[in-house]
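The values are calculated or read from the model by the stated rules, or taken from the named source; none is laboratory data. Predicted model, so just to flag it, every value in this text is computed and none were measured. When we count neighbours, we look across all protein chains shown, and the Cβ atoms used for this are built from the backbone with ideal geometry, even at glycine.
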Amino acid sequence: MSGTLAASLAGALRLLGGDRRGLERMDLTLDGFWASFRVMAWLVPAVALAIFADLRLAAEIGSARSLSPAAVMVAGVINYVLGWIAFPVFLALFGNMLGVGRVFVPWMVARNWTGVPASLPYVAVVALWLVGLMPTRLLGPLTLGALGFSLFCGWRVAVIAGERPAGAAVAFTLVDFLLGLLIEAGADRLFGL
């Protein structure tokens, strides 16, 4: 593990623990901003796991229609890529109007790096279910808990790196989440899922 990677992940954990000094471990320059998007590639195995789980769950619960594995995979990849970049694009377009232009780069760097620990509960839940160590009836509640943790991570980053008050951070976190839902719904509809 490179020093920059280890430092950035350590910084992400500190940040999620409420320590603003976690930002000091990350490269908050414009180069660091672009480099932080490499996290997208590192999380591809988690996305593949989620797509596989979607296919298996549809088969297990007897989906009303037959799902094309290829369509589910393509929709999943589109959801992932567009969902990852939608919020940064939103803030790039409206950030100055919303008063976040000054903190845009550190906010997105922190958001990207905290994406790794934020995804771990979901990955653990899905992996346990896929290998048969967790019954399907627990998948929904535990996935909801993992989503709650991910939303908390987004909120924490908005408060610390985005320098937003707690209430405003909730609104920004919900915008990020809703953008993802809209993209997912659009991709699913496009592929008839």
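Couple of notes before you dig in:
- For the stretch 9-86, the helices (runs of 4 or more DSSP H) that sit wholly inside it and include 2 or more residues that are more than 20 Å from the chain's Cα centre (by Cα) are 30-36, 44-61.
- Qualifying residue in the stretch 127-142 (condition: in contact with a Phe, Trp or Tyr (Cβ under 8 Å, 6 or more places away or on another chain), within 30 Å of Arg25 (Cβ to Cβ) and small (Gly, Ala, Ser)): no
- Unmet requirement for Phe191, which otherwise passes all of (1) at pLDDT 95 or above; (2) over 14 Å from the mean Cα position of the chain (by Cα): (1)
- Tally of residues being surrounded by fewer than 16 Cβ atoms within 10 Å (Cβ to Cβ) and either over 25 Å from Ala127 (Cβ atoms) or in contact with a helix residue (DSSP H, G or I) (Cβ under 6 Å, 6 or more places away or on another chain) (or both) across the stretch 152-169: 3
- Selection of the stretch 132-185 for residues being of a type in the set (Val, Ile, Thr), modelled with pLDDT under 95 and over 17 Å from the mean Cα position of the chain (by Cα) yields only Thr136.
- Val100 of a type outside the set (D, E, K, R) and modelled with pLDDT under 90: no
- Of all residues in the stretch 119-139, those that are in contact (Cβ under 8 Å) with a residue 12 or more places away in the chain have Cβ atoms under 8 Å from Cβ atoms of residues that are of a type in the set (D, E, K, R), 6 or more apart or on another chain, in Leu130/Arg56; Thr136/Glu60.
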